[in-house]
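The values are calculated or read from the model by the stated rules, or taken from the named source; none is laboratory data. Only a predicted model underlies this, so the values are computations on that prediction, with no experimental measurement involved. With ideal geometry, Cβ positions are generated from the backbone for all residues, glycine too; neighbour counts draw on all protein chains shown. To get the accessible areas, we keep the full protein, side chains included, count just its heavy atoms, and leave off ligands, DNA and RNA. Shrake-Rupley method; radii C 1.70, N 1.55, O 1.52, S 1.80 Å.
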Amino acid sequence: MGRYGAVNHWLVLYPPGTNVEQRRALQFCDSWRTVGLVVAYAMSLVLAVRETPLIIIVLVAAGVYAMGVVVTRWFAAPVRTRVVRLCAGRSTLAPDPDRTEECDYLLRLMTILTAAEDALDSGTTSPAVHERVWSAVYDEAKEHLDRSVSPRGSSRHGQNKEC
């Protein structure tokens, strides 16, 4: 729950057929903003201790950060643009039926995916059936997102990449 009584629910769906390495590359790409700043700061400290001129420190830190952005995006490129990120936010202070409906929609998708994962883990379903369920949910979520985003890129019901 947020500071002002807002609750955001996220559902990130990778495209069907995405392997573990691709998911890890995407997760690292998404976290590079923070990791990259820490790495750049650490390099700056090391260079500062060695009494390196300030301009060199700035250039090296910026270069390392920028190179990290390029490399992480390159590794994540096959999947990055196809990931579906759904977000539904609602206020706990002022109920809004539209937003509650979006939260219920995400909960329904998560319930289907959780049931598919449990069935796969218990051996009551095959990996092929699991992949078909995942694919159907992914396609439905993608269509839902396409319908909810206006042509200008704004969205209804709090659904977009930046909730």
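Below, the figures for the structure above:
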| quantity | calculated |
| --- | --- |
| Residues satisfying the stated conditions in the stretch 50-98, i.e. basic (Lys, Arg) and touching a Ser or Thr at 6+ places or on another chain (Cβ under 8 Å) | ARG90 |
| Candidates THR100, THR92, THR18, THR52 - the one that is open to solvent by less than 70 Å² (accessible area, probe 1.4 Å), in contact with a helix residue (DSSP H, G or I) (Cβ under 7 Å, 6 or more places away or on another chain) and on the phi < 0 side of the Ramachandran plot | THR18 |
| Sole exception among (1) closer than 25 Å to PRO15 by Cβ; (2) open to solvent by 50 Å² or more (accessible area, probe 1.4 Å); (3) modelled with pLDDT of 85 or more for TYR65, by number | (1) |
| Residue match in the stretch 104-112 (condition: buried (at least 16 other Cβ atoms within 10 Å of the Cβ), of a type in the set (A, V, I, L, M) and assigned to a loop (DSSP other than H, G, I, E, B)) | no |
| Qualifying positions in the stretch 113-129 - within 15 Å of THR18 (Cα to Cα) and either touching a helix residue (DSSP H, G or I) at 6+ places or on another chain (Cβ under 6 Å) or open to solvent by 70 Å² or more (accessible area, probe 1.4 Å) (or both) | PRO127 |
| Identity of the residue in the stretch 130-163, modelled with pLDDT under 85 and more than 20 Å from ASP104 (Cβ to Cβ), that ends up surrounded by the most Cβ atoms within 10 Å (Cβ to Cβ) | LYS161 |
| Where GLU51 falls short, out of the listed (1) in a helix (DSSP H, G or I); (2) more than 30 Å from THR114 (Cβ to Cβ) | (1) |
| Filtered residue count, the stretch 73-89, keeping only those that are open to solvent by 10 Å² or more (accessible area, probe 1.4 Å) and under 25 Å from VAL38 (Cα atoms) | 5 |
